[in-house]
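Report on one structure; see the data block that follows.
The values are calculated or read from the model by the stated rules, or taken from the named source; none is laboratory data. All figures in this text were calculated on a predicted structure; none of them were measured in a lab. With ideal geometry, Cβ positions are generated from the backbone for all residues, glycine too; neighbour counts draw on all protein chains shown. To get the accessible areas, we keep the full protein, side chains included, count just its heavy atoms, and leave off ligands, DNA and RNA. Shrake-Rupley method; radii C 1.70, N 1.55, O 1.52, S 1.80 Å.
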Amino acid sequence: MATIGIKSMILQSVLYVTANQQPLRCPSTATWQCSPTPCMIIAAPDNFNPDVQTPTPPTVPEPIAPIVTPLKPKPTPPKPTATPEKSATPSPTTSFPRLTQEADQIAAERAWKYFERNWNPQTGLVNSVDNLPWTTWWDQGSALLGIHAAYQLGLLPQDVFQKRMNTLLQTLEKLPLPATGLPNKAYSTSTAQMRHLNDTPDPKGTSGWSALDMARFLLALHVMRSHYPEYSDHINRIVARWNISKLVKDGWLNGAIPRAGKLLEVQEGRLGYEQYAAHSLKLWNIQASNALSNPPVKTVEIDGIKLQIDERNFKNSGATNYLTNDPYLLWGLEMGWNDEVKPQVQNLFKVQQQRFKRTGILTAVNEDSLDRSPYFLYYSVYSNGQSWQAVNTTGKAYPQLRFVSTKAAFSWFALMPDEPYTKRLRDFAQNLSDKNRGYFSGRYENSKLGVNASVDVNTNASILESLLYQARGRHPLVLDPSEIKN
């Protein structure tokens, strides 16, 4: 099939939901459902996840245990310039973290290949998926944190880092905005012009905005302004252009979707994603109090393990209550888990480990792109009343396409290195990559399907983040060196 035909099919396959053509349902008077406006909750972090890669999965070496030979330390790179435009003499006390295991260094270099292929020199933006010049702000949050991790780990020199930062900040400073004052949901990575969710031009920015996507990008910008103070003023000026107060309404995350030629503001988020985004917004003094304190939850038991799930499901709200790894793993790597969420995280890990012990099937669920139709799935421990569901954004199940997630494997090991099961996951994922393109999304649980050969920014950025987290002594990415020292 021609590439343009594949692209069209993929975009159309998810447009139904991303255009929010689900029914608006208000079966109760619960504030999270119907007040103050009719709502349709978008649980997806990206709202749209294209992937044009449909190759036959290539032959990949069977995963092997990482080599643990210590590496000789690389020369410590200097800090970026004191201002984005001028060079400065680095402080002689500058000390960046370093990877000491060969397997980690190999993984970092492989993940960085994605960025080398998909960074756009005209804009400084990174493609969401390999070789497709299109993106969301969730994905640009991943991209920015990936570049930060790569620089900290010594994968790119100072001048290259500065060039990429300067190019991106210049683009953001001039970024076309809709009348809402918030970035549009989608943009071209080659021109920085607004795009629809189906990758067609959107010159007026009629696609709306995503609070979840913007929260992740704002977290990444906060990491950059705190680690590199020379960029802080520039970043603050950029964000001051945006009407970010609209990202919260009545204490809930607030997005906007196109409806009948206008934008309808809606509550966004599900348990996990919702709290990850709300904590991210707190870094910019935006308080989503209900999202943090009053999410409607109940307890379910899966394989004898108790987990909190969101009561807002596809039946009563029009969107699915995915309980998957991604928001919890990003939360741990980037901000650190608070005491309130730790029991949920521990049980989320235990239930996947227990499934492996019970079935022999290596289990690491996630939301991820696929190399075949429907091209994106949420593989969850629990969703819409059932356990171990792999569903698309319309709720259709694809049990035959359950997969082991590469980014989940790397992240669990970084966060819980003393657990034998996370070591098994990491060893399994170590070689799931193309040496020229980066890491694949994972491997299907059905051994006959082999590798899930989709390649995207979120997988490769998460790997770099997890490796930086390890190299920093398991300190969350939001902490700058002075905070760690103190």
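For GLU367, the residues 5 or more places off, or on other chains, whose built amide H falls under 5 Å of its own are ASN325, ASP326, TYR379. Extension gain for THR100 to LYS298 (0.36 nm times residue separation, less C-alpha to C-alpha distance): 67.0 nm. Solvent-accessible surface of region 106-199, taken per residue with a 1.4 Å probe and all protein chains present: 28 Å². Exceedance of the 24 Å cut-off in Cα-Cα distance is limited, within the set LYS350/LYS448; LYS357/LYS423; LYS396/LYS435; LYS315/LYS357; LYS315/LYS396; LYS185/LYS249, to LYS350/LYS448; LYS396/LYS435; LYS315/LYS357. Per residue, the average separation of C-alpha pairs within less than 8 Å and at least 6 apart gives region 126-241 a relative contact order of 29 percent.
Show me the ranking of peptides 436-445, 200-209 by mean Cβ neighbours inside 10 Å, starting with the highest.
Numbers: 436-445: 22.8, 200-209: 18.4.
Ranked from most to least packed, the peptides come out as 436-445, 200-209.
Note that region 375-384 has calculated 3J(HN,Hα) couplings of 6, 7, 9, 9, 9, 10, 4, 7, 7, 6 Hz, one per residue in order, obtained from phi through the Karplus relation 6.51 cos²θ - 1.76 cosθ + 1.60 (θ = phi - 60°); glycine and proline are x. Charging the Cβ of each Asp and Glu at -1 and of each Lys and Arg at +1, and nothing else, the dipole of region 342-436 about its Cα centre rounds to 260 debye. For region 120-264, the average shadow cast by the Cα convex hull is 8.9 nm², which is a quarter of the hull's surface. Calculated FRET efficiency, ALA179 to ASN131, Cβ-Cβ distance, R0 = 30 Å: about 0.40 to the nearest 0.05.
Rank by packing, highest mean first: peptides 398-405, 314-321, with packing defined as the count of other Cβ atoms within 10 Å averaged across residues.
On the way: 398-405: 19.2, 314-321: 22.8.
For the peptides 398-405, 314-321, the packing ranking is 314-321, 398-405.
Amide H contacts of PHE376 (H built 1.01 Å from N, in plane; Pro and chain starts excluded): LEU370 sit under 5 Å, all sequence-distant by 5 or more or on other chains.
Along region 480-486 the Karplus relation, 6.51 cos²θ - 1.76 cosθ + 1.60 evaluated at θ = phi - 60°, assigns HN-Hα couplings of 7, x, 5, 5, 5, 4, 7 Hz to successive residues, with x for each Gly and Pro. Scanning residues 5 or more positions from GLU268 or on other chains, those with amide H under 5 Å from its amide H are LEU253, ASN254, GLY255, with H placed 1.01 Å from N in the peptide plane.
Can you figure out the FRET efficiency of THR359 with ARG474, using R₀ = 30 Å and their beta-carbon distance, to the nearest 0.05? Mind dumping the intermediate values first?
On the way: r = 30 Å, r/R0 = 1.01.
My answer for the efficiency is 0.50.
Counting only protein heavy atoms and using a 1.4 Å probe, the accessible area of LYS246 comes to about 50 Å². Here the 3J(HN,Hα) profile of region 325-342, calculated from phi with Karplus coefficients 6.51, -1.76 and 1.60 at θ = phi - 60°, is 6, 3, x, 6, 6, 4, 4, x, 5, 8, 10, x, 6, 8, 4, 5, 8, 4 Hz, Gly and Pro shown as x.
Taking only the C-alpha atoms of region 239-337, Rg followed by Dmax gives 14.9, 50 Å. Measuring only protein heavy atoms, the 1.4 Å probe finds VAL381 accessible over about 0 Å². Shown is the FRET efficiency for GLU483 and LYS204, computed with R0 = 60 Å from the Cβ-Cβ distance and rounded to the nearest 0.05: 0.90. Centroid-to-centroid, using Cα positions, region 232-268 and region 335-350 are 28 Å apart.
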